[in-house]
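Some notes on the structure that comes next.
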Amino acid sequence: MGIKERLSILGIGIIGNQAMVYAFNWVLYPMVIWWLGLGAGFAVMTVLSFLVCYGLILFYDWAKQDWLGVETIKELRGYCGDNVAGRLASWIMKRSEPVVLIFLSVKFDPFITTIYMRQGAGQYNGMVGRDWKVFIASLIIGDLYWAIAVFTGISIIEYLLALLR
């Protein structure tokens, strides 16, 4: 695959994924939390997050294309060359999977977290038991974090609006 084709795939993949994440996190999530409250909103959005992220994993494996650059980043974990920065990045990426899981779950969605934490790079081989554990843990961590953050933001806005009345 040529560099232009690779960059095109990455560009379209990243832009498409970011658009979907933006709509999900900044439009749908706040609306559902506002309408249903923290508990029911969290439950509904966790189910929706499961369905969307699992669907993306299925599509990612079916397409066999690294349209987010995750597989390229995963290859750094096994770096053994002479480049000091490369070796340092590899060392960091191999340490403390629970810390990596929490960080990725808060920063990204279960799709990206699971794809990144799967064993091997560029294999597009579905999910094994360990991957399902990562996926479910990431789903709970990420959705709990996001539901509380959105609920807090909505509560602050409602409080400020009440002061203005």
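The values are calculated or read from the model by the stated rules, or taken from the named source; none is laboratory data. Keep in mind that this is a model prediction, so the values were computed, not measured. Backbone-built Cβ (ideal geometry, glycine too); neighbour counts: all protein chains shown.
Counting only helices (runs of 4 or more DSSP H) that sit completely within the stretch 66-146, those holding 2 or more residues that are touching a helix residue (DSSP H, G or I) at 6+ places or on another chain (Cβ under 8 Å) and free of Cβ contacts under 8 Å to residues at least 40 places away in the same chain correspond to 84-94, 97-107, 110-117.
Each row is one residue, and each column tells you yes or no for (1) of a type outside the set (A, V, I, L, M, F, W, C); (2) at pLDDT 95 or above; (3) on the phi > 0 side of the Ramachandran plot.
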site	(1), (2), (3)
30	yes, yes, no
37	yes, yes, yes
49	yes, yes, no
56	no, yes, no
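Residues in the stretch 117-165 that are under 23 Å from residue 71 (Cβ atoms), loosely packed, with under 14 Cβ neighbours inside 10 Å and either touching a Cys at 6+ places or on another chain (Cβ under 7 Å) or not aromatic (Phe, Trp, Tyr) (or both): 119, 120, 122, 123, 125, 126, 128, 129, 130, 136. Of the residues making up the stretch 101-111, none is of a type outside the set (Gly, Ala, Ser), closer than 20 Å to residue 132 by Cα, at pLDDT 95 or above and surrounded by fewer than 14 Cβ atoms within 10 Å (Cβ to Cβ). From the list 54, 29, pick out the single residue that is under 25 Å from residue 123 (Cα atoms) and in contact (Cβ under 8 Å) with a residue 24 or more places away in the chain. Sole residue among the options that is under 25 Å from residue 123 (Cα atoms) and in contact (Cβ under 8 Å) with a residue 24 or more places away in the chain: 54.
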